[in-house]
1. Less than 20 Å apart at the alpha-carbon level, and either on another chain or at least 8 residues along: which lysines does that give for K306?
2. Between the alpha-carbon centers of region 194-249 and region 134-150, tell me the distance in whole angstrom.
3. Tell me, Kirkwood radius of region 176-271 from alpha-carbon pair distances, in Å?
4. For S137, S283, write out the residues from largest to smallest accessible area, computed with a 1.4 angstrom probe and no ligands counted.
5. Quick check on packing: order 173-180, 129-136, 312-319, 213-220 by the mean number of other C-beta atoms within 10 Å, highest mean leading.
6. In Å and on Cα atoms, what radius of gyration and Dmax does region 97-156 show?
7. Straight-line reach from K289: which lysines have Cα under 20 Å away, leaving out those fewer than 8 places along the same chain?
8. Can you return the lysines within cross-link range of K98? Criterion is Cα-Cα under 29 Å, with same-chain partners fewer than 8 residues away left out.
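The values are calculated or read from the model by the stated rules, or taken from the named source; none is laboratory data. Note that the structure is a prediction, hence the values are computed from the model and not measured. Heads up, the Cβs are rebuilt from the backbone with ideal geometry, glycines too, and the neighbour counts pull from every protein chain shown. The protein model used for the area step is the full one, side chains on, heavy atoms only, and it has no ligands, DNA or RNA in it. Shrake-Rupley method; radii C 1.70, N 1.55, O 1.52, S 1.80 Å.
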Amino acid sequence: MPPRSSHQPRAGTYIPYMAFIIFSAIFVFRLDVFVTQTISTARHNQELKYEITTQEPSPPTVTKNENATFYKHVLVTWGEFHTEILNDGELLMLTLDKHSGSGFQSRKQFLFGKIDMQIKLIPGDSAGTVTTYYFSSLGDHHDEIDFEFLGNSTGNPYTLHTNVFSQGKGDREQQFFLWFDPTTDFHTYTILWNPKTIVFYVDNIPIREFKNLERIGVPYPKDQAMRIHSSLWNADDWATQHGLVKTNWSLAPFNAWYRNFSMDGCIWSPETRASACTDADFSTRRVLKMGLDRRSRARMKRLQKKHMVYDYCKDKWRFPKGPGRSAGHIFPYTVQERLDRACANLDWSQMFPGATVTHLPMSCSDHQALLICVEGVRLTRSRSPARGGLRQYGFSQNNARILWLIAGDLRWVGGARWTAYREGSGGGLMGSKGVGGSCGMGGDCVAAT
């Protein structure tokens with residue numbers, strides 16, 4: 001066997017070199033990753049800094065906090081580019097322009113609870129716009145509990161519109177003029193909904209109560225889970241003076257602001273079709289069993305007497321036989337003669353451009369009389385015969401008239417009221433002698449109940 005050469009390399013001689021090469025490769029790789037991440041992070045921070053510095057500042061009247069309420073609890077449902085969440089998620093702004101409105105809804109569904117939201121409405125000329133805030137389920141037989149704010153022209157009040165739907169049936173409207181300007185500051189609007197009652201509050205003052213009267217056949221929303229919704233949209237075909245006043249798009253965009261949203265209630269799971277509340281909760285949690293006490297109800301009645309401008313329960317024109325149990329009203333009408341609207345055609349409006357219509361205080365019934373005042377024209381009584389079943393009664397000056405049109409099975413009461421007044425026996429229809437001094441225009445006024 002030939003002797004081994006002393007110059008032949010040993011197998012272990014290369015191991016340190018290979019280890020050094022591998023270590024160097026790993027080091028270079030990790031250094032490259034580190035440098036790449038550093039550059040990416042720096043670029044991201046620079047972009048974020050630019051984005052923050054170019055955003056418009058939040059309104060200074062709103063206090064910041066770190067709860068991120070609107071990020072956590074609502075989803076934008078439409079008008080994504082017309083919705084803005086500001087102030088670290090504590091302020092939400094909806095925008096309406098000629099192209100689109102906007103809206104959002106709660107992420108979760110609820111079966112009973114109490115919701116609060118502070119809202120500041122569109123200032124100035126908001127005619128034609130509607131801002132909403134409500135509970136609602138889905139489907140043709142849906143339940144719904146509504147706050148709707150109907151805009152108006154500058155100087156005229158918003159109409160706060162409330163409604164309750166059960167099993168797809170609504171027609172339970174009550175409307176109010178607010179006792180403050182809802183456009184200058186935030187005000188709190190609350191809906192309480194539990195198995196016992198539904199109560200609407202404004203700044204913690206109850207304005208409306210809808211009791212559960214299922215025991216006598218009145219439908220009540222209690223079986224369908226609902227989400228919280230809000231929206232801002234154009235409804236100038238009906239929202240302001242029955243569609244007579246249209247939206248002034250030259251004033252757009254219109255903005256409504258929301259903050260301090262809170263919810264205390266029973267979360268509903270669509271997966272398990274069960275509520276998070278137990279039987280014990282309904283007997284112990286105040287929000288699930290509370291209602292109005294005698295003092296709160298009396299306060300609500302006083303407010304309604306001053307500020308309610310429409311009540312479906314008393315609308316004889318829509319419900320000649322009463323709204324009935326399906327609409328949540330169980331009592332027959334006690335007021336058979338009423339007149340609470342004033343309408344004028346274009347000729348009449350041009351002849352009396354300074355005319356005003358005012359609701360007088362309630363006196364001998366639950367109806368508010370109308371006071372119609374015009375400037376510088378003496379109104380004379382006139383009466384035309386019935387034509388095609390339609391009778392007219394009123395006052396006229398040339399071709400312009402103040403008149404009442406009574407048709408069908410509705411009573412014609414104008415003539416009887418006028419006769420009663422002229423004979424000195426009172427009555428609700430009065431000429432200048434009765435109320436002229438109340439508007440400081442001498443004999444230019446007519447009032448009716």
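1. Result set, ordered by chain and number: K314.
2. The distance from the Cα centre of region 194-249 to that of region 134-150 comes to 7 Å.
3. Details: mean 1/r = 0.0587 Å⁻¹.
It is 17.0 Å.
4. Values: S137 10, S283 70 Å².
I get S283, S137, largest accessible area first.
5. 129-136, 173-180, 312-319, 213-220
6. Cα radius of gyration and Dmax of region 97-156 are 14.3, 40 Å respectively.
7. K114, K196, K211, K222
8. Output for K98: K120, K246.
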